[in-house]
Amino acid sequence: MEIEIGWSEGITVATKEYVIRFDPYTKGGPNAHNFVSHAHGDHIMGLSNESKIYLTAETDDLLFFGGRKRFEIHSSLKYGEEINFDDLKITAHNAGHILGSAQFEIQSPESSIVYTGDINCRNMLTTTTAEAIPCDILILETTYGSPSYVFPSLEEIYTEIVDWIIGQIHEEKMPVFRVYSTGKAQEIIRLINEFTTAPVVTHPVVSRISKAYEKNGVKLTYIDSNSAEGGELLKSRQCVYVTPNHEETPIEENHALAIATGWAVRSKPSNVDVAFPLSSHADFSQLLNYVEQVKPKRVYTIHGFRDDFGHYIQRKLGIRAQPIIPLSQKQQKSISC
């Protein structure tokens, strides 16, 4: 069976009979089969009811609670569950990135492919580590695929965050976290709940997403900022405020502004007080360890430091690697599987 792997407004795995897209960027029409790895905006741009959609129930909940209408989903997947396309079998596995995030294993009679989506290879407070899936061909996200991006231990990061929160409260400043409303916000809420007694007030967008986490068994305690109690706490500054990263929050004398991102390993934006290197992506060491566990014959890299990481594993591990290429380019796109 000949399979074409490449980029066509999303990661595309195509046979003579089927075109299967992962995290599509555009609508694919009624014959498109669209698999969604997780609920972050840059991975769902091509979703519509014009095409068949496959995702986990948790991802569907996150999209709905986040304000989207329910899609007419062709299949709601559980980890370990298989979808068959004649001789192709596609299985969802935990990616560890956010609630419901999935890797996809594509098996043919002759070979196997894994598309990781965004992965995280550490047990965090709201997610568990990505499953390493042995395969012949690995399509790997390399957002932090540079040796410059090796994160501190989670224990160290969590301790720094908690110490900072307590210090700001002692100085009578309100700690404010401006973070991704899906995933990072819930990790911060859970951290504050677990290791401090400070009440958490959340922006309404964060509150809605957090309800999806609660529905799926993640315990979170927070107060919506639009409630009377939340409004009073914000006025008194006797709380920690968690708001989406797109909300502009100026630094004022009565509060301190924090962000949490893997990029903080190297730099801190000038418009915040502190940046913590907390990420739900795999860093360079995690990515390398993942490849070593999976033992692929070939790796395609996407996002971030895709060239750097590909060159590194070719040199150090002897594994053929290259960035993913558009399907319109004929070279190196066809693989017999």
- Note on the structure: Highest GNM mean-square fluctuation among ASP23, ASP86, ASP224, for the chain with Cα springs under 10 Å, belongs to ASP86
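Give the Kirkwood hydrodynamic radius (Å, one decimal) of the chain, defined as one over the mean of 1/r across all pairs of different Cα atoms.
Numbers: mean 1/r = 0.0478 Å⁻¹.
20.9 Å is the Kirkwood radius here.
Explain nothing, just the number: dipole magnitude of the chain about its Cα centre with +1 on each Lys and Arg Cβ and -1 on each Asp and Glu Cβ, in debye rounded to the nearest 20.
Working: 31 positive and 42 negative charges, 124 e Å.
Its charge dipole is roughly 600 debye.
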- Note on the structure: Ranked by GNM mean-square fluctuation in the chain (Cα springs under 10 Å), the top entry among HIS281, HIS93, HIS203 is HIS203
- Distance in nm between label sites at ASN245 and LEU154, each 7 Å beyond Cα in the beta-carbon direction? 1.9
- Task: With a point put 7 Å past each Cα toward its Cβ, work out how far HIS170 is from LYS16 in nm, to one decimal.
- Result: 7.2
- Violating pairs (Cα-Cα greater than 24 angstrom) within the set LYS89/LYS295; LYS52/LYS297; LYS52/LYS184; LYS295/LYS316; LYS184/LYS268: LYS52/LYS297; LYS52/LYS184
- With Cα springs under 10 Å, the Gaussian network model of the chain assigns the largest mean-square fluctuation among GLY230, GLY67, GLY96 to GLY67
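For n ≥ 4 DSSP H runs only, could you compute -39500 (n - 2.57) per run for the chain, divide by its residues and tell me the 222 nm figure to the nearest 500?
Working: 7 runs with 82 residues, N = 337.
Computed mean residue ellipticity for the chain: -7500 deg cm²/dmol.
For PHE85 and PHE195, compute 0.36 nm times the residue count separating them, minus their Cα-Cα distance, and round to one decimal in nm.
Working: separation 110, 0.36 × 110 = 39.60 nm, distance 4.73 nm.
Roughly 34.9 nm would be gained on extension.
Per 0.36 nm of contour for each residue apart, how much would the distance between LYS78 and SER270 grow if the chain were fully extended, relative to their Cα-Cα spacing?
Numbers: separation 192, 0.36 × 192 = 69.12 nm, distance 4.24 nm.
Additional length available on full extension: 64.9 nm.
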- Task: Under 13 Å from a label point 7 Å along Cα→Cβ of ASN289: give me every residue in the range 135-160 with its amide N that close.
- Result: 150-155
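Whats the longest run of the chain with zero GluC sites (Glu not before Pro) that are DSSP loop and have at most 15 other Cβ atoms within 10 Å?
Values: sites that count: GLU17, GLU50, GLU72, GLU81, GLU110, GLU171, GLU172, GLU247, GLU248, GLU252, GLU253.
Maximal segment without exposed cleavage sites: 254-337.
Any read-out appearing in this document is the output of simple, stated calculations on the displayed coordinates, not a laboratory observation. For clarity, every value in this text was computed on a predicted model and none was experimentally measured. Here the Cβ is made from the backbone with ideal geometry for all residues, glycine too, and neighbour counts use every protein chain on show.
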